[in-house]
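Peer 1: To start, I am sharing the structure in question, which I have written as C-alpha cells.
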Amino acid sequence: MEYLFLCSIGPVQDFIALARRSRDLWYGSWMLSELSKSAALAAAEEYGLKNLVFPAPEELSSLEADSDLGVSNRILFITDDAPDQTAKKLRRAIDQRLSALREHAYQELDDIDVDLAQKQLDDLVEFYWSAVEYSEEKYLEAKTRVEALMKVRKNTREFSQFDGKPVMKSSLDGSRETVIPEDAYPKRWEDEESQAEKARQLYDTYRAHRSERLSGVDLLKRLGSKHLEPDFKSTSHMAAEPFLQVLKEKGGPESVNELFDDIRALFEETGWKLDQLDGALLYETRVADHVPTPSMQERIQEQLEKLINRVAGGVKPGSYYALMLADGDSMGRTIDAQKTIHRHRDLSQVLSEYSQEVKETIHTYHGVPVYSGGDDILAYLPLNTVLTCGQVLEKTFRERMQAGEFYFMDDGGVKKHPTLSTGIVVAHHLTPLSDVLRLAREAEKKAKGIPGKNGLAITIQKRSGAPRTISGKWARLKNRLQMMIDYSIEDMVSNVTAYDLDQLGREISTLDLPREAVQLEVSRILSRKRESGSAQLVSHQVEQSFQTWLEEDELPIREIARELIVAEMFARLPEVAMRTAEHDEVVKI
C-alpha cells in the first residue's frame, strides 16, 4: 500500500526572527532549509526521487548537504512504507544533520556547558507529520486530506518539561540559558588590559561581545558553517554600499581596497585582528563592536574619520539599508488548480529553478540573499538597488508562471497567473534586526492586501518617529515613485512639498471641497518652490504628474505626501550607474 506523506519542520518564524546580527538571520533560515533538505534526501533515497512532490529536484545531488537549493519546511512525497516507520527515518535524518552542524560549530569549544547546549538543541526542532492512503487517480483528494490532518496535528503542540539552570539568559531570545562560562567575560573591576584581552578571547572563541550571553542554539548561529559565508555582509555594509560604489566609480576598485587596508592596519595597531573587511568598519559607532576599551575606541574613531575624509572628501556612508520580503500570491489556489501529481512536480521544479535565479539576481544588485525557497524570498540590499532588484524578481516570477502555464480561476471564473508581492523596509543599520524583520512582515502583509495582489509596500523606519508605509500595485507604485525620485534629484520639487501636502490633506479631510479647488491648492503648494530660493518655476511636467496622481490614480493627498517622503529618502543617495544582468542598460536610482 502507498501513502501520501506530508511533514513539517520548524520552528520557522520565531527561530529566524531571533537575530542580533545579519549572520544570525542568515543562519537561522539556512539551517532550517538544511534540515528540510535532509528529510527530503532521506525520502528520495528510501522511496525514489520520482516520488518526491515538493520539493521535486531533477537530481538527487541538489538535496545534498550545503547545496545551493533552498527547500521550504514542508515535504510532500509518496511512500510504500508504514507512515510511522517513514516518520522515524526522516526524523533520524534530521537529527543526524543537526548533530553534524552542532559538531562542526562546537569543535573548538571545550569549556561550554555541553550537556545544557545539547538539551537546548534537542528541544529545538519541531517535526510534525500526517499521512493518508494514496492512489494516483485520487491524488487531489488525498492531498486535501493530508493537508487537513496536518492542520489538526499542529494544533496539538508538544511541550517538554523545563530542565534549565539558574544562570543568565540568552541575549537573543531571553528564555534559553547561556552556556558560556561567566568567567570568560570581562569584569568591571579588572584593569583595562585584562578586560581587552578577555573581550578579544570572547569574540574570537564565541563570536560574542562583552554584553552578550549566548545559548547553545545561539552559538550554532554564530559559529556554524563558516565556510559558506565568505562574502556575508552586515546590515552596516549594505548601508555603506552606495558610498563604496561611488568610490569605485571615481577611483576604481583599488581605491576601496586601499581604504580597507588602511582601516585594517589602524585596528591591528590596537592588537585587534579583523577576520573580515566589512562596511561596518566605516562607521565610528561600530568601533566599539571590535575594540573593547574606551581609550582604544576614541583613538581609532579619530583616525577613522581622518581616513574617510581623505578618501571621500567629506562625504560619509549613508545610514540606511533595505530588507526585502517577498512571497507568491495565490500559490495555494495555484497548487490546487494543478489536477495531477505530475503538474505539481512541474510547478515544484519551476519554483526550485526560480529560487536559484533569485540568488543570482540579488548578488547582481550587491545584495545578500538570506533565504530563497521557491516563491519565498528574504534578502537585504543597498537602497540604490533594492527597487530595481525587486522589480526584476517580480517580473521574472510572473514570466516563469506564465511560461509554465500555471494558473488558477479567480472568483469571477477568470484565468489568473500567480504574481509576487513584496514588502520592503528601509531601516537604520543599527536598528535591531528582529524589529526590522517584524516591520518587513507587516509590509509584506500590506502588499498582499492589495486587491488582486501583485502588491508592493515600502516602510520607512527612521531612528526617531513612527514608521511610514506606502503601498500599491508593483508597476504603478514603482513608476510613480521613480518619477518622484527623479523630481527630487533634479530639484524640481521642494523638499518641504510633502509636508505641506500632508498638512493640506489633514485640513481638508473633513471638508467636502470640489476637486478643482483641491487641485488649485496643490498647484499653489508646488509653486512655492520659487519662494524657497530657486529661480526656476515648477515645470508643467511636474504639475501634470500631480494632476494625474490626483485624478487618474485617485490618490488621496496624504498618500501622495507619504510617497514623496519615501522618494526623498532614496533621492538623498549618490547617483550610481549599474548595468543589469538581463539588459545591457544603465539604470539610475
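Read-outs: derived from the displayed coordinates by stated rules, not from any lab. These figures come from a predicted structure and were not determined experimentally. Cβ: placed from backbone, ideal geometry, glycine included. Neighbour counts: every protein chain shown.
Peer 1: For E2 paired with T396, estimate the spin-label separation in nm (one decimal), with each label point 7 Å from Cα along the Cα-to-Cβ line.
Peer 2: 3.4
Peer 1: Something else now. Would you work out which of P11, P451, L383 lies farthest towards the positive end of the dipole of the chain, given +1 charges on the beta-carbon of Lys and Arg and -1 on that of Asp and Glu, about the Cα centre?
Peer 2: Positive-end residue among those listed: P451.
Peer 1: When the Kirkwood hydrodynamic radius is evaluated over all pairs of different C-alpha atoms of the chain, what value in angstrom, to one decimal, is obtained?
Peer 2: 26.6
Peer 1: Determine the gain in length on full extension of the stretch R188-S539; use 0.36 nm per residue of separation and subtract their C-alpha separation, reporting nm with one decimal.
Peer 2: Details: separation 351, 0.36 × 351 = 126.36 nm, distance 6.31 nm.
Length gained between R188 and S539: 120.1 nm.
Peer 1: Using a simple charge model, +1 on the beta-carbon of Lys and Arg, -1 on the beta-carbon of Asp and Glu, nothing else, what dipole does the chain show about its Cα centre, in debye to the nearest 20? Intermediate values should be presented prior to the final figure.
Peer 2: On the way: 77 positive and 99 negative charges, 261 e Å.
For this selection, approximately 1260 debye.
Peer 1: Could you list, in their original order, any pairs among K415/K473; K151/K445; K151/K478 whose Cα atoms are separated by more than 26 Å?
Peer 2: Working: K415/K473 19 Å; K151/K445 22 Å; K151/K478 38 Å.
With Cα atoms farther than 26 Å apart: K151/K478.
Peer 1: Sequence neighbours fewer than 8 away in the same chain don't count; with that in mind, list the aspartates and glutamates whose C-alpha is under 14 Å from K462.
Peer 2: The qualifying aspartates and glutamates are D435, E568.
Peer 1: Please sort 490-503, 32-45 by packing, taking for each peptide the average over its residues of neighbouring beta carbons within 10 angstrom, highest first.
Peer 2: Working: 490-503: 18.1, 32-45: 23.4.
Going by the mean number of other Cβ atoms within 10 Å, highest first, we get 32-45, 490-503.
Peer 1: Roughly what percent of Cα-Cα pairs across the range 3-154 reach past 25 Å?
Peer 2: 32
Peer 1: When the convex hull of the Cα atoms of the range 235-312 is projected onto a plane and the area is averaged over all directions, what value comes out in nm²?
Peer 2: Values: hull surface 18.9 nm².
Reported value for the Cα convex hull: 4.7 nm².
Peer 1: Could you please rank H209, H429, placing first whichever residue has the fewest other Cβ atoms within 10 Å of its Cβ?
Peer 2: In increasing order of surrounding Cβ atoms, one gets H209, H429.
Peer 1: Give me the distance between the Cα centres of the range 297-331 and the range 425-470, rounded to whole Å.
Peer 2: A separation of 20 Å, based on Cα centres.
Peer 1: For K445 and V414 in one chain, what is 0.36 nm times their gap in residues minus the Cα-Cα distance, to one decimal in nm? Don't skip to the answer; put the middle values down first.
Peer 2: Details: separation 31, 0.36 × 31 = 11.16 nm, distance 2.43 nm.
The K445-V414 span can extend by a further 8.7 nm.
Peer 1: Calculate, in nm to one decimal, what S434 and D111 gain on full extension: separation in residues at 0.36 nm each, minus their alpha carbon distance.
Peer 2: Values: separation 323, 0.36 × 323 = 116.28 nm, distance 2.94 nm.
Extra length from S434 to D111 when fully extended: 113.3 nm.
Peer 1: Right, next: Based on other C-beta atoms within 10 Å, arrange T385, T364, T340 from fewest to most.
Peer 2: T340, T364, T385
Peer 1: Next up: Below 14 angstrom from the Cβ of V425, what's the summed charge of the other residues (Lys, Arg +1; Asp, Glu -1)?
Peer 2: On the way: positive: R438, R441, K445, K446, K462, R463, R468; negative: D435, E442, E444.
Within the 14 Å Cβ shell, the charges total +4.
Peer 1: Once both labels are modelled 7 Å past Cα along the beta-carbon direction, what's the F260-D80 spacing in nm?
Peer 2: 5.4
Peer 1: Which one, L244, W26, V132, is farthest towards the positive end of the dipole of the chain when Lys and Arg carry +1 and Asp and Glu -1 on their Cβ?
Peer 2: About the Cα centre, the residue reaching furthest to the positive side is V132.
Peer 1: How would you rank 473-481, 507-515, highest first, on the average number of other Cβ atoms within 10 Å across their residues? Kindly include the intermediate steps, with their values, before the conclusion.
Peer 2: Working: 473-481: 17.9, 507-515: 9.3.
Order by mean packing, descending: 473-481, 507-515.
Peer 1: For the chain, calculate the relative contact order in percent as a whole number, restricting contacts to Cα pairs under 8 Å that are 6 or more residues apart. Before the final figure, lay out each step's value.
Peer 2: On the way: 949 pairs, mean separation 74.6, N = 589.
RCO, the chain: 13 percent.
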